[in-house]
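Enquirer: Dropping a structure here in structure tokens format, bear with me for questions.
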Amino acid sequence: MQKALYGIYKPALSKSLQFINKIRRVWARKMSKTNVEPVYVEAGKRIKELRLRKGMSRQELAASAMLSDKFLYEIESGRKGFSSAKLLRIANALDVTCDYILNGENELEIEMSEMLMLFKNKDIPKVRELLYAVSEMI
């Protein structure tokens, strides 16, 4: 009796299982797109911004950093993370530091901030005046 019932419901069960598997695949794809650390999403945006500012195509940057076009696209769109070796290759190809890609801080700004910390707070206005005078001379 059970075999007879299974034979009757087999096509319906098969379609149900196919539907459930399809839902699982769609859900897994959706989760893989959103399961990236925020630092990678922000770094991807910075990489794309730098690439466009330098007038490079995605293919040019990918070739220069020894990556595939598709992988670089996934990095820039925040869908994939990357290793430190890949980050270093991208940074070298864009002539920036890894720190800038990850944190968005410019090395020069950091260095200038450190230099300003050498002065006492009361001396900062004098330093500012001196920098303005030098900028006018250049």
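Each reported figure results from applying straightforward, stated rules to the coordinates on display, with no laboratory input. Model, not experiment: these values are computed from the prediction. A quick note on method: Cβ atoms are made from the backbone with ideal geometry, for glycine too, and the neighbour counts reach across all protein chains shown.
Enquirer: Near residue 48, within a Cβ-to-Cβ distance under 12 Å, what is the net charge of the other residues, with Lys and Arg +1 and Asp and Glu -1? Could the numbers behind the result be given before it?
Expert: Working: positive: 45, 46, 51, 53, 54, 58; negative: 42, 49, 74, 76.
The answer is +2.
Enquirer: Additional query: What Kirkwood radius, in Å to one decimal, follows from the Cα pairs of the range 45-138?
Expert: Evaluated over the range 45-138, this radius sits at 15.5 Å.
Enquirer: Step through the table entries 15/70; 54/86; 22/80; 54/122, compare each Cα-Cα distance with 29 Å, and write down the pairs that go over it.
Expert: Working: 15/70 34 Å; 54/86 19 Å; 22/80 23 Å; 54/122 40 Å.
Correct reply: 15/70; 54/122.
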